[in-house]
Amino acid sequence: MPRGRRARARRKALFRIEADRARFRQIVRGRIRSDLRRYLSTGELIGRAGDRTVSIPLPQIELPRFTFGQNPKGGSAGEGEKGSASEADTAEGEGAGAGDQEGQHILEVEVELDELAEMLGDELQLPNIEPRGKRELAHDGGRYNGKRTAGPDSLRWFRWTYRNALKRTIASGLWDPAAPHVVPVREDFRFRVKKSCPEPDSSAVVFHMMDVSGSMGREQKEVVRIKAFWIDTWLRSQYKNLEVVYIVHDAVAKVVDQHTFFHLRESGGTKISSAYELCLRQIQERFRPEDWNIYPFHYSDGDNWSARDTEHCVSMLRDELLPRVNQFCYGQVKSAHGSGQFRKDLDAALGSEELLVTASINDRADIPEAIRSFLGKGR
């Protein structure tokens, strides 16, 4: 076969392979979208999440294809009563014992977190967020309109180089109008360079605050972990720069890392105001509302130390926190030991505040609706 024909055949084969791959990716994305509600209520994805992608386990998916060969049973329909099983079906169904057949495989599919966030937005009909806080960050512009005396020859600026050479030639008395001749030397060279210019950049900070007192068990913390993963995934798709601060509290509050946040076990009482005070200090010292979009999320089973402390929390929310944040969200996770009173008190005292959103999560099935209530306002 001539070399040109072989090359065309290879290109055609590669095109078919890429077309099959694209079709396979579409099938996989469709499978993930159809099962997204299940993933929203389980922690299956969290351990597989990286910085940019997440690995999603799916049953083995194969593209349909024809298989050529002999049919051992023939192709005609035999006699039999309606609904009776054939010998092949019976043999295939009998499988209580050990067998030598290949089992079902699980396919790990990597999906970009941005794409996963898009699926989440479509599934829960989440609006894009209108950022509030902006800060000026210096970044390299897209035009080479700066000038300097050193650089690669590929960026030499002819107009400024020639102008400098002409000025030097005239100043030295070597200019002859009858025979104009300009020869640039090294000190005449000028080079283009990108100019750094400030550009507004939307940045956000998320505060995840969780009650880790004795009444919050392993299941309650797992619900919080799932919610936090999806909330962070959505907000990262909305902001170029996102920081996350983890705060745990029982009777006292402290800032911890992510691993400690989800695995810490305490047995003390609950003083919710300690978490709100620490969150407020972080905002005042590190995250100015003029520069940052601020999203505090608090998770608890609704027990608080005293009615007086609840009044203090309400006062802090109304006077200090709500004026500084885009939105404050409180998620109450049902617990066998929790009274659930705190949400009732918040709704009674601050129910008219648009920036306060509360939700109850009785079990994992309530997680998608709680996420929708938290992120569905577009703030």
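For the stretch 317-353, which positions are of a type in the set (A, V, I, L, M, F, W, C) and without any contact (Cβ under 8 Å) to a residue 12 or more places away in the chain? First the steps, then the outcome.
As a first pass, look at the stretch 317-353 and keep what is of a type in the set (A, V, I, L, M, F, W, C): 317, 321-322, 325, 328-329, 333, 336, 342, 346, 348-350.
Once the filter is applied, which keeps residues that are of a type in the set (A, V, I, L, M, F, W, C) and without any contact (Cβ under 8 Å) to a residue 12 or more places away in the chain, the stretch 317-353 yields only 348.
Name the single residue, out of those in the stretch 264-299 being in a strand (DSSP E or B) and in contact with a His (Cβ under 9 Å, 6 or more places away or on another chain), that is surrounded by the most Cβ atoms within 10 Å (Cβ to Cβ). Can you show your working first?
We begin by selecting, within the stretch 264-299, every residue in a strand (DSSP E or B); these are 292-299.
Then keep just the ones that are in contact with a His (Cβ under 9 Å, 6 or more places away or on another chain); that gives 296-299.
Numbers: 296: 27, 297: 21, 298: 25, 299: 23.
For the stretch 264-299, the residue satisfying everything is 296.
Checking the structure you have, find out if any residue of the stretch 293-306 is touching a Leu at 6+ places or on another chain (Cβ under 8 Å) and hydroxyl-bearing (Ser, Thr, Tyr).
Going through the stretch 293-306, the residues touching a Leu at 6+ places or on another chain (Cβ under 8 Å) turn out to be 295-296.
Now narrow it down to the ones that are hydroxyl-bearing (Ser, Thr, Tyr): 295.
The answer is yes; a qualifying residue exists.
Suppose we filter the stretch 234-267 for residues that are out of contact with any Asp or Glu (no Cβ under 6 Å at 6 or more places or on another chain), of a type in the set (S, T, N, Q) and more than 20 Å from residue 328 (Cβ to Cβ); how many remain?
4
Out of all the residues in the stretch 176-192, which are in contact with a Ser or Thr (Cβ under 7 Å, 6 or more places away or on another chain) and modelled with pLDDT under 85?
Matches in the stretch 176-192: none.
What are the pairs with Cβ atoms under 8 angstrom where one residue, in the stretch 245-257, is crowded, with 19+ Cβ neighbours inside 10 Å and the other, located anywhere, is among the basic types (Lys, Arg)? Sequence gap at least six, or different chains.
As it stands, the answer is 247/254; 248/254; 249/271; 250/271, since those pairs meet every condition given.
So residue 241 ticks every box in (1) more than 24 Å from residue 376 (Cβ to Cβ); (2) touching a Ser or Thr at 6+ places or on another chain (Cβ under 6 Å) but one. Which box is left unticked?
(1)
Can you tell me which condition residue 378 does not meet? The list is (1) closer than 30 Å to residue 122 by Cβ; (2) out of contact with any Asp or Glu (no Cβ under 7 Å at 6 or more places or on another chain), and all the others hold.
(2)
Among 207, 262, which is hydrophobic (A, V, I, L, M, F, W, C), closer than 28 Å to residue 310 by Cα, modelled with pLDDT under 90 and not assigned by TED's automatic domain parsing to the domain that holds residue 120?
Working: 207 fails: modelled with pLDDT under 90.
None of the others qualify; the one that does is 262.
Is it true that some residue in the stretch 298-320 is assigned by TED's automatic domain parsing to the domain that holds residue 272, over 18 Å from residue 274 (Cβ atoms) and under 29 Å from the mean Cα position of the chain (by Cα)?
no
The values are calculated or read from the model by the stated rules, or taken from the named source; none is laboratory data. Since this is a predicted model, take the numbers as computed values, not measurements. Heads up, the Cβs are rebuilt from the backbone with ideal geometry, glycines too, and the neighbour counts pull from every protein chain shown.
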